[in-house]
Amino acid sequence: MSLLIISEPEKRLIPSSGMRGPVPLLIAIMTFVMVVVAAAGLALANSAMVVKSGVEHRYSIQIADGATKAPAAIAAARGAPGVTRVEQVPPADLRRTLERWLGPAAVDADLPLPAIIDVDLASGADPAAIGQAIERAVPGAQFIAHRSSLAPLLQALRGLTLLALGLVMLIAAASAAAIVLAARGALDNHRATIEVMHGIGATDRQVAQLFVRQIAIDALLGGLAGAAAAGLVIALILGRASTATILSGAPPLGWGDAFLLGLLPIVVALLATLVAWGALLRALRERL
Amino acid sequence: MDKGKGTVLAGTIVEFDRVGLRYGTGAEVLRDLDFRLSEGGFYFLTGPSGAGKTSLLKLLYLAQRPTRGRMSIFGDELADAAREALPAYRRRIGVVFQDFRLIRHLSAFDNVALPLRIAGHGEEQVEGPVREMLAWVGLADRASARPPTLSGGEQQRVAIARAVIARPEIIIADEPTGNVDAAMAERILHLLTAMNRLGTTVIVATHDLSLIAATPGAQLIRLENGLLVDPTGALKHPPRAHA
């Protein structure tokens, strides 16, 4: 932090760009994209977590032509240890599901419907033993874990979350590269002043300190502006029904996520400051 | 930093031993420079244009390293010194550049104060000496003026004030009277002589023969085609320091 503190006379050595340089705009754009992508990643991660926790202990008993066999399966399930809830899906709900595929006629048609019974297990219950008990009571009944049917969706959500994380890292790397160029540009713009300072006995650290402070201020202000714009966009999107909400039944971003996103411009400013410090010292070492 | 350590003779502030300098892959611009300068001496460096005067000055104020030979300043071998070590030596050398090299956006006061601030002096240690120095060079009323608003002579005096404000042990001036009239040249010479009387070693590169003639006791170093000529014997028999 001490490298950001310089005296008034030192500030006069390198006149402030007053937010007119490229750094604030660049960092604002980068931070905007970073916050939006990070928010999407967090929303996907949250959705995956909600979906996963919702189906973690949920199973279904499926019995083909099950209208007559369902009571026996329900009884077997209720009698098994570790079962917390057993509830048959009403046939009307099944018909409504069929209607989506077969049209309105499916509701009244005399189609053979399977029996589907939702079963919730307590933590630590033995699904294999419960499945066997149901199979013994109703031969041919299938005991299916919901998570296996939702595995492709969860995998896709996890993949997208990792993709978002990768994009955030990529944007951070691009920002760092831009800061290096900006730092070197600033040195070139003030070459005459630097030569005089070196000639008088200034150390590289003294010279770099003059520039890094300005870059840190520009990065922080640009980052805050970018994050504010991103926050506005995210708020507008969340104001409407989002896919994640429909999918998980929960808000896609919580206060903890908002806090993390709010930290991003500060992290960006810190990153910019450290990268600029390193780039300035490296560039100055190329001179005598 | 101990003064006088190393193998140099007592009272020697600069010693060059078979020093050569070339830029890139070009021919050597300085060849086999072999000389000693005494503490407290006053030296004029002369020679035709292109003889290597500016290159020699760059070596002396540590803006350039020799490509061969040994170069000792303040008793320390600096030809191969670590880059990080050089700022401390540069602070002991004041330089007046031919083109002044003032920082255009800083006031005369801030330009003169720069060496003190770089050396880490607090503002309470800067204000008084800088005002005094500006008064000494006749610019007390121009402290807040920026270089573009100063005449050539005024800029020259600001550059001199900046070079001497930190009381360096060596002052190097490249054509310090090149941009001023005769009266101002005399005044500048007076400033340099006064610093020399206080014990500062002064090295002035100049074409101005009247300046040399007006400085009794000064020694002459002449460069021709990158080689040293020693018309006054200053280098073989370094002059004694002023009392």
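The values are calculated or read from the model by the stated rules, or taken from the named source; none is laboratory data. All figures in this text were calculated on a predicted structure; none of them were measured in a lab. Heads up, the Cβs are rebuilt from the backbone with ideal geometry, glycines too, and the neighbour counts pull from every protein chain shown.
Here are the numbers for this structure:
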read-out	value
Per-region count, region B:99-118, residues surrounded by fewer than 18 Cβ atoms within 10 Å (Cβ to Cβ) and either under 21 Å from residue B:60 (Cα atoms) or out of contact with any helix residue (DSSP H, G or I) (no Cβ under 8 Å at 6 or more places or on another chain) (or both)	1
Long-range neighbours under 9 Å by Cβ, at least six apart or interchain, first residue free of Cβ contacts under 8 Å to residues at least 24 places away in the same chain within region B:53-81, second of a type in the set (A, V, I, L, M, F, W, C) and part of a loop (DSSP other than H, G, I, E, B)	B:63/A:288; B:65/A:288; B:65/B:78; B:65/B:79; B:65/B:81; B:78/B:62; B:81/B:62
Residue match in region B:58-65 (condition: of a type in the set (Ser, Thr, Tyr) and within 11 Å of chain A (Cβ to nearest Cβ))	yes
Positions within region A:200-211 being buried (at least 22 other Cβ atoms within 10 Å of the Cβ) and at pLDDT 90 or above, in sequence order	A:200, A:201, A:202, A:207, A:208
Of residues in region B:62-71 being surrounded by fewer than 21 Cβ atoms within 10 Å (Cβ to Cβ) and not β-branched (Val, Ile, Thr), the one nearest to the chain's Cα centre (by Cα)	B:63
Flag for residue B:170 being within 14 Å of chain A (Cβ to nearest Cβ) and not acidic (Asp, Glu)	yes
Residue check, residue B:187 of a type in the set (Lys, Arg) and closer than 27 Å to residue A:10 by Cα	no
Residue A:99 being surrounded by fewer than 18 Cβ atoms within 10 Å (Cβ to Cβ) and within 14 Å of chain B (Cβ to nearest Cβ)	no
Subset of region A:157-183 [surrounded by fewer than 20 Cβ atoms within 10 Å (Cβ to Cβ) and over 15 Å from the mean Cα position of the chain (by Cα)]	A:172, A:173, A:174, A:176, A:177, A:178, A:180, A:181
Residues (part of a helix (DSSP H, G or I) and in contact (Cβ under 8 Å) with a residue 12 or more places away in the chain) located in region B:183-201	B:184, B:185, B:186, B:187, B:188, B:189, B:191, B:192, B:193, B:195, B:196, B:197
For residue B:86: the one exception among (1) assigned to a loop (DSSP other than H, G, I, E, B); (2) at the interface with chain A (Cβ under 8 Å from one of its Cβ atoms); (3) among the hydrophobic types (A, V, I, L, M, F, W, C)	(1)
Residue within region A:147-154 that is exposed (fewer than 13 other Cβ atoms within 10 Å of the Cβ) and at pLDDT 90 or above present	no
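Quick grid of which residues meet (1) within 21 Å of residue B:14 (Cα to Cα); (2) modelled with pLDDT of 95 or more; (3) not aliphatic (A, V, I, L, M):
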{"position": "B:84", "(1), (2), (3)": "yes, no, yes"}
{"position": "B:118", "(1), (2), (3)": "no, no, no"}
{"position": "B:133", "(1), (2), (3)": "no, no, no"}
{"position": "B:159", "(1), (2), (3)": "no, no, no"}
{"position": "B:167", "(1), (2), (3)": "yes, no, yes"}
{"position": "B:173", "(1), (2), (3)": "yes, no, no"}
{"position": "B:186", "(1), (2), (3)": "no, no, yes"}
